[in-house]
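Just below is one structure, and these are the notes that go with it.
The values are calculated or read from the model by the stated rules, or taken from the named source; none is laboratory data. Here the structure is a predicted model, which is why all the values come from computation and not from measurement. Every residue, glycine among them, receives a Cβ derived from its backbone with ideal geometry; neighbour counts consider all protein chains shown. The area values use the complete protein model at the heavy-atom level, side chains included, leaving out ligands, DNA and RNA. Shrake-Rupley method; radii C 1.70, N 1.55, O 1.52, S 1.80 Å.
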Amino acid sequence: MSDSPSDGTVVSVKDLHKSFGEREVLRGIDLEVAAGEVVCVIGPSGSGKSTLLRCVNLLEQPSSGRIDVLGVEVTDPDVDIDRVRTHVGMVFQQFNLFGHKSVLENCTMAQRGVLRRSKGEAERVALANLERVGLADRAHAVPGQLSGGQQQRVAIARALSMDPQLMLFDEPTSALDPELVGDVLGVMRDLADAGMTMIVVTHEMAFAREVGDRVVFMDDGLVVESGPADQVIGAPREERTQAFLQRVLDPTHQHPQG
């Protein structure tokens, strides 16, 4: 697997369709993400954002279309998807931590099982990433002793411990109490500043505008508008984008804005 495709494209999605039974959730998505780019995907609930993200690392099997990740066509039936996934970190709404394992163990299991790192090496890497998310002092706690925001930061540290070249975030703050959102977004902001390639499905408009190099607005299974964050969020061209942003940015609309 090439470390980085020669043209600098980390993710390429072409004419992606995905149906669940009769319902077509993605209706021809095109998206490219360059190395070091942060792309924030916004849009109403049910617009296909999470499905798009899950298709990128084949957690959902596309109905048709082509997806290349790090120079490998993941829609090729013969692809070694586990090999591709070792280079792709994913953080979900729910933290998916093993409750009976310590924070440190949660961050070392995949390193040892998949990357075949020694216990000492895996712990060294895990502790460095826990330090990065501000939780080195909680390495020996179990997830139940942590707040939701801390658990999500552990989930990020766990993903980073695999040395990914691409990070996928699926609404990483939507399950958190509003006062815990800022710490998680702060970690993500630091990652972006460090040059990590990221696709972030989010409802945090301030984060998308500040951290996103590009914002993609999806509605009804289509990319309606895509462009620099300031333009899409600050001066959207499409009526559907304008209507959506008016709803979520309206101060009377009860939604945590982190």
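In the range 16-54, the residue that is most open to solvent (accessible area, probe 1.4 Å) out of those that are free of Cβ contacts under 8 Å to residues at least 40 places away in the same chain and closer than 20 Å to Met198 by Cα is Glu32. Right, Asn106: within 20 Å of the chain's Cα centre (by Cα), open to solvent by 50 Å² or more (accessible area, probe 1.4 Å) and of a type in the set (S, T, N, Q) or not? No.
In the range 207-258, the qualifying residues are those that are open to solvent by 60 Å² or more (accessible area, probe 1.4 Å), assigned to a helix (DSSP H, G or I) and over 18 Å from Val38 (Cα atoms), and the one that is modelled with the lowest pLDDT is Leu249. Of all residues in the range 174-198, those satisfying the criterion of being open to solvent by less than 10 Å² (accessible area, probe 1.4 Å) and either touching a Ser or Thr at 6+ places or on another chain (Cβ under 7 Å) or within 18 Å of Gln231 (Cα to Cα) (or both) are Val181, Val184, Leu185.
Among the criteria (1) touching a helix residue (DSSP H, G or I) at 6+ places or on another chain (Cβ under 8 Å); (2) surrounded by fewer than 19 Cβ atoms within 10 Å (Cβ to Cβ); (3) polar (S, T, N, Q), the one Asn57 does not fulfil is (2). Looking for something surrounded by 15 or more Cβ atoms within 10 Å (Cβ to Cβ) and under 20 Å from Gly48 (Cβ atoms) - is there at least one such residue anywhere in the range 156-166? Yes - at least one qualifying residue is present in the range 156-166. Select from the range 60-82 the residues that are more than 20 Å from the chain's Cα centre (by Cα) and closer than 12 Å to Ile29 by Cβ and write down the one among them that is surrounded by the fewest Cβ atoms within 10 Å (Cβ to Cβ). Of everything passing the filter in the range 60-82, Ser64 is surrounded by the fewest Cβ atoms within 10 Å (Cβ to Cβ).
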